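The values are calculated or read from the model by the stated rules, or taken from the named source; none is laboratory data. Owing to the predicted nature of the structure, the values given are computational and were not obtained by experimental measurement. Here the Cβ positions follow ideal geometry from the backbone for every residue, glycine too, while neighbour counts run over all protein chains shown. Surface areas here come from the heavy atoms of the whole protein model, side chains and all, with no ligands, DNA or RNA. Shrake-Rupley method; radii C 1.70, N 1.55, O 1.52, S 1.80 Å.
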Amino acid sequence: VTDLAFHPTDPNRLWLATGDGDFGDTRSIGIWTSEDGGQSWDPTGLDWATFMGRTLQRVLVSPMHPDTLWVASSLGLYRTLNGGDNWTRTLIGNIASLELDPADPEHLLAGEYGNRIFESHDAGETWSEQSLDGSAFGISRIALAFAPSAPDTVYAVAGNVSDQGLAGVWRSTDNGDT
């Protein structure tokens, strides 16, 4: 299991990102859902076989529109508007991190394996690209976080390709725009 997300008002409804998101020993079989608090599980429309070699890193549920979900995967970012029945890939890339702005549920940031960060202001329908200044030493993975006490502040932490150590920490004070 990589991640688990709950419906904002119904504690019995949840979504599970299957597999080992850190490219470990278990590949994903997609997003599964439960409507009875986890007693039983069913596949959603994002349903894969393990031999396909795909991974999931994150699943998020919109706090304003709970049938809207986003999933970060090794193939890109997927979005559903109907609780998981149908999914559309809205961003291509190997997405390592996905975060929702606590002050604006239409604003998302996605970090790729590499030095690219993507930003959406329309709930993941379209994306613009930004880059961390790490091309000289190579970034392996980006993790993102909005600061709960100051939602305009976003942190990016990145790993170094050469030794898998810390490449750096970046801070934005304008919602991740720069």
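Here are some notes:
- Here the chain has 49 percent of its accessible surface on carbon and sulfur atoms, given a 1.4 Å probe and all protein chains in place.
- Multiplying each eigenvalue of the alpha-carbon gyration tensor of the chain by 5 and taking the square root yields semi-axes of 26, 20, 13 Å, largest first, rounded to whole angstroms.
- What the chain shows is 48 Å² of accessible area per residue, with the surface traced by a 1.4 Å probe over protein heavy atoms.
- Between residue 147 and residue 169, residue separation times 0.36 nm minus the direct Cα-Cα distance comes to 6.6 nm.
- Estimated distance in nm for a label pair at residue 49 and residue 104, the labels positioned 7 Å out from Cα along Cα-to-Cβ: 4.3
- Longest DSSP-loop-exposure-free segment, GluC sites (Glu not before Pro), the chain, at most 16 other Cβ within 10 Å: 36-105
- Accessible area of residue 79 in the full protein assembly, 1.4 Å probe (Å², nearest 10): 40
- Theoretical FRET efficiency, 1/(1+(r/R0)^6), r = Cβ-Cβ of residue 155 and residue 129, R0 25 Å, to 0.05: 0.85
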